[in-house]
Amino acid sequence: MYEIKVDLEDNRLYPHKKVIEAYTDEKRGNNYPREKGAFDDTYLNWYNRCRKNKFNMRARNIVRTRAIIKGKLTEVIYYYADVIGTNSSGQEEELQLWFGVYDEPIFNKKIDKETDQYVVENVRDHVRKYELEFTQENIDKVFQYADDSTVLTVKESPDMSLGYPVNDVDGFKSAKFIQLLEMGKTKRTLAEIMELASNTLSGKKTEEQKKEAEKQADIAEKIGEPEAAEEIKEIADIDDKVEVKTNTKRKK
């Protein structure tokens, strides 16, 4: 476990500080009151019981995926963690939260006839935001909260329900996204994936290796990497006549 600072004013964990900023920003929420839910009371009660002692954090699940950020498909990281406090009786109390992701409110506005100014009428929707792009610095920061029990997951997209578990910790940290997907789907390590690619590059193209390359090209097509798919087929010396499956369904 890793010790963290939890202060209600300076480092509040819930709601996310960017959510608070959205409500207080005069151009967006203009101090429109945020409707509190049951988890607000859960968080405050937990914090007040444990605030006099140290807090620790342990990541339960770390996820690598890709999301649209500022119009660009970007690799991101987020994680689910236990924040562990100790109450006045010396008992540990856990609070589970997602980190690296939050839902930003989108406000409806209308013209105030008396002031001729826009005023916030309500919250019409929320937009999912991701804070941690996949970089070596960010992955190292996240892994300071990990231990041997932490589950590592790769998702083709954030909307994917479960994703694929990855057992190769070092590979999870360093693999390219297409390699990581292959690791999750085949339960192989990064070294095994790279060895297969190396055998293909060296000209040892058995039928099994060609089939493996076709699968990798298929994955590249599905995640929106047609150039990578073509490169894989070219390296593996796969004839263009070989059909590579895509997400496109035949019309009946």
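The values are calculated or read from the model by the stated rules, or taken from the named source; none is laboratory data. Computed from a predicted structure; not experimentally measured. Glycine also receives a Cβ, built like all others from the backbone with ideal geometry; neighbour counts cover every protein chain displayed.
So, Arg124, is that one touching a residue at least 24 places away in the same chain (Cβ under 8 Å) and either of a type in the set (Lys, Arg) or in the same structural domain as Ile223 (by TED's automatic domain parsing) (or both) or not? Here the answer is no, as Arg124 does not meet what is asked. Within region 100-157, being farther than 27 Å from Lys222 by Cα and of a type in the set (Val, Ile, Thr) holds for Ile106, Ile111, Thr115, Val119, Val120, Val123, Val142, Thr150. Condition first: surrounded by 10 or more Cβ atoms within 10 Å (Cβ to Cβ), more than 30 Å from Ser174 (Cα to Cα) and hydroxyl-bearing (Ser, Thr, Tyr). Now tell me which residues in region 110-140 satisfy that. Matches in region 110-140: Tyr118 only. Within region 61-82, residues that are within 14 Å of Asp159 (Cβ to Cβ) sit with their Cβ atoms under 8 Å from residues that are polar (S, T, N, Q) and part of a loop (DSSP other than H, G, I, E, B), at 6+ positions apart or across chains, in these pairs: Thr65/Ser157; Arg66/Ser157; Ala67/Ser157.
Contact map, region 186-200: first residue over 16 Å from Ile219 (Cβ atoms) and assigned to a helix (DSSP H, G or I), second residue of a type in the set (Ser, Thr, Tyr) and at pLDDT below 95, Cβ cut-off under 9 Å, separation 6 or more or different chains; pairs are Asn199/Thr206. Scanning region 141-162 for residues being surrounded by 15 or more Cβ atoms within 10 Å (Cβ to Cβ) and in contact with a strand residue (DSSP E or B) (Cβ under 6 Å, 6 or more places away or on another chain) gives a total of 10. I'd like to check something: does region 39-59 contain any residue that is touching a helix residue (DSSP H, G or I) at 6+ places or on another chain (Cβ under 8 Å) and surrounded by 15 or more Cβ atoms within 10 Å (Cβ to Cβ)? Yes; the residues of region 39-59 include at least one that is touching a helix residue (DSSP H, G or I) at 6+ places or on another chain (Cβ under 8 Å) and surrounded by 15 or more Cβ atoms within 10 Å (Cβ to Cβ).
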